[in-house]
Amino acid sequence: MDVVTTIEDFYGVYLLVSRSENRSFAGRTYIGYTVDPNRRISQHNRGREGGGAKKTSERGPWQMILIIHGFPNSLSALRFEWAWQQPNISRRLKNIPGLGKKSSLRKFDLQFRILTEMLRIGPWNRLPLVIRWLADDFVRDFPPEKLPPVHMEISFGRVKRKKKLARIEDDIAEGGSQKSLSCCLCSSPIEEPRQSLLTCINPQCSLQCHIICLARVCITESNQYIPTEGDCPICFTHFLWGDLIRKKNGCSDLVATSDDATDTEHGNYNDLSIDSTDEDSDDS
């Protein structure tokens, strides 16, 4: 797993396993949230004085085995972290049998079992998440009956956080300061580009529209509010809604190809609101 993937606007929830020579600590697991996985694992292995958590201090060394990323904001990732840590309390997980502390599964296998359930239930099954394995000797196949949703990517290799560039909407707003922008879908002015403007993930596409207008194009059922995916009405490039929001937040690591321009069924929806919190969780 020598390939390093660089990602902007990173929010991740990770799983650690202790490699301690002390049999009392070896094999223990720890779940946490981070915006910078490389910095965070270093903090854990330096102990509490180095910024690590109380529960991992002097119980390592720790290895980051798996990280789930692609959350739209820190709040969404923190909620996922809490539920993964507390399946007995989480209202979405507590009634699923076999997830309790009395399970006969070893610690890592139990955490993976919990994860297989979480990825398939709302609201997490509607997010454009990436399941990234970071250690070859811990990689597991998902059981056929517990596969993640098809829009979730399973990846391998390390990940590196990259600071965001200026938001493209800010550049458009500044460049069009003397000329008002119009929505390609409703033809009305886009009066607050920083809040309401969306552009296509295809850099050659001329789409400029209101968030709500594009959402309406992608919504196919009356009980849905925010899309999971859709096709650009201008260039027909297929996109995940979360990727559009990430681009709006300033991410430039989204590359559209001709293979993206395919017909798809539109899925469910989730609140992909913008959040700028940039801190790792402070665990006790």
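The values are calculated or read from the model by the stated rules, or taken from the named source; none is laboratory data. Given the structure is predicted, the values throughout are model-derived calculations rather than measurements. Methodologically, a virtual Cβ is constructed for each residue, glycine included, from the backbone with ideal geometry; neighbour enumeration extends over all protein chains shown. Keep in mind that these areas ignore ligands, DNA and RNA; they rest on the heavy atoms of the full protein, side chains included. Shrake-Rupley method; radii C 1.70, N 1.55, O 1.52, S 1.80 Å.
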With a 1.4 Å probe and all protein chains kept in place, how much accessible area does I226 have, in Å² rounded to the nearest 10? 50
Accessible surface, per residue, of region 193-249 when the full set of protein chains is kept, probe 1.4 Å, Å²: 43
Karplus ³J(HN,Hα) for region 232-246 (6.51 cos²θ - 1.76 cosθ + 1.60, θ = phi - 60°; Hz, whole; x = Gly/Pro) runs 4, x, 9, 10, 6, 5, 7, 9, 8, 4, x, 5, 4, 5, 4
Residue by residue through region 190-207, what is 3J(HN,Hα) from phi via Karplus (6.51 cos²θ - 1.76 cosθ + 1.60, θ = phi - 60°)? Round to whole Hz and write x for glycine and proline. 9, 7, 10, x, 5, 9, 10, 8, 10, 10, 6, 6, 7, x, 8, 7, 9, 4
Pulled fully out, how much extra length does the chain show between S187 and R48, if you take 0.36 nm times their separation in residues and subtract their Cα-Cα distance? 44.5 nm
I'd like the accessible area for C235, computed on protein heavy atoms only with a 1.4 Å probe and all protein chains in place. Round to 10 Å², please. 40
Taking R0 as 22 Å and r as the Cβ-Cβ distance between S24 and D109, the FRET efficiency 1/(1 + (r/R0)^6), rounded to the nearest 0.05, comes to 0.70
With the contact rule set at Cα under 8 Å and sequence spacing of 6 or more, what percent relative contact order holds for region 4-162? 29
In whole Å, how far is the Cα centre of region 182-197 from that of region 9-40? 43
Can you pull the percent of region 193-249's accessible area that's carbon plus sulfur, 1.4 Å probe, other chains left in place? 54
Carbon/sulfur accessible area of region 1-158, % of total, 1.4 Å probe, equals 47
Using a Debye calculation, one point per C-alpha and no hydration shell, please list log10 I(q)/I(0) for region 4-162 at q = 0.10, 0.17 Å⁻¹ in order. -0.34, -1.05
